[in-house]
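The values are calculated or read from the model by the stated rules, or taken from the named source; none is laboratory data. All values derive from a computational prediction rather than experimental measurement. Virtual Cβ from ideal backbone geometry, glycine too; neighbours counted across all protein chains shown.
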Amino acid sequence: MGGGVIGVFFILQIHQNTLWLVGTMFAWLIIPPVVFIALRTLSKGFSCWREFWRFYELEYQTSLRFIVPIYALLVLIGMVSTVVLLTG
């Protein structure tokens, strides 16, 4: 939810209709939940972090080998988009 709010903030502040806004939205929808999960699980140890992601794989019947590269690409595109919007 926080990522969506940040994305909407950018749309309201920057009145450009470009693909950079789409990239920004994707990144800020992915980054906050992953950071929240990291803060909650890593504070209890790396084994808790691994356990959560194993649960995620089993619950959603997917593989992190598929999800992580997609998330990483979207976050990279989104971070570049955010920098472009803030500097341009």
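Quickly run through the range 63-75 and pick out the residues that are outside any loop (DSSP other than H, G, I, E, B) and either hydroxyl-bearing (Ser, Thr, Tyr) or touching a residue at least 40 places away in the same chain (Cβ under 8 Å) (or both).
Once the filter is applied, which keeps residues that are outside any loop (DSSP other than H, G, I, E, B) and either hydroxyl-bearing (Ser, Thr, Tyr) or touching a residue at least 40 places away in the same chain (Cβ under 8 Å) (or both), the range 63-75 yields 71, 74, 75.
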Problem - Selection count where residues are among the hydroxyl-bearing types (Ser, Thr, Tyr) and in a loop (DSSP other than H, G, I, E, B), scope the range 26-62 - result: 2
Exercise for the section: Check whether at least one residue in the range 43-65 is at pLDDT below 90 and among the aromatic types (Phe, Trp, Tyr), and report yes or no. Expected result: no
